[in-house]
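Each value in this text was obtained by applying a stated rule to the coordinates, not by laboratory testing. What you see is a predicted model; the values in this text were computed from it and never measured. Cβ placement follows ideal geometry from the backbone for every residue including glycine, while neighbour counts extend to all protein chains displayed.
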Amino acid sequence: MITFMLLIHTTIWELSITTKKNTIKQLNIMKNREYDKAIEYLEKALKMILDKLAPDHPDVAYPYNNLGCVYKEKGELNKAIGYHEESLKIRLNKLGYDHPDVATSYNDLGDAYKEKGEYDKAMEFGKKALNLRLNKLDSNHPNVGDTYDILGDINCKKGDKVEAKKRYENALSILLKNWVIIIKKHKK
């Protein structure tokens, strides 16, 4: 039994290291807007994970979500939404409706629908992300600020400038609070 547990632990550790390396490569490539290369690395990471884990394992949701993000940046919004929906399906099934990773999927779906011009769907997912994040995270958590920013964008696109301004002010307030914390930590 101990040997089996060590094997599982070692496999997950190796997957984690390899996946992190591919994710870091993907992030560096994204800075240079080399989307096809980023997709290549993420697909490799996904294949490695699927070779070791069940297709509905929670760790499989990460490369799906990241692929959705890259495809959104590339402008292939239907593909982006498809990957985000797959990630959300796994997360809801395996982590439950109140897990912070579910909020990430809602947030990213909202962002993709915003880019596609489907503002009502974008708002629906954005509000779900915000509600879940406010229930699970500190109200000044950077992810909460990110969701406020996306909701500001959606409201702005819908023509509701007053609500957009409120959301942007919420996002900016959170960003500034987090910058102050980071600066104070670096001064020590």
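Yes or no, residue by residue, for (1) crowded, with 16+ Cβ neighbours inside 10 Å; (2) touching a residue at least 24 places away in the same chain (Cβ under 8 Å):
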{"position": "Leu50", "(1), (2)": "no, no"}
{"position": "Asp56", "(1), (2)": "no, yes"}
{"position": "Pro63", "(1), (2)": "yes, yes"}
{"position": "Leu67", "(1), (2)": "yes, yes"}
{"position": "Lys72", "(1), (2)": "yes, yes"}
{"position": "Leu77", "(1), (2)": "yes, yes"}
{"position": "Glu85", "(1), (2)": "no, yes"}
| note | When restricted to Tyr148, Tyr106, Tyr119, the only residue without any contact (Cβ under 8 Å) to a residue 60 or more places away in the chain, within 19 Å of Glu73 (Cα to Cα) and over 14 Å from the mean Cα position of the chain (by Cα) is Tyr119
| request: Considering each residue of the stretch 45-93, count those that are small (Gly, Ala, Ser) and farther than 19 Å from Asp111 by Cα, and give that number. | output: 2
| said: One residue is enough: does the stretch 84-96 have a residue meeting the conditions polar (S, T, N, Q), closer than 27 Å to Asp36 by Cα and part of a helix (DSSP H, G or I)? | reply: yes
| field | Residues (of a type in the set (A, V, I, L, M), over 19 Å from Tyr71 (Cα atoms) and surrounded by 19 or more Cβ atoms within 10 Å (Cβ to Cβ)) located in the stretch 104-149 | value | Met123, Ala129, Leu130, Leu132, Val144
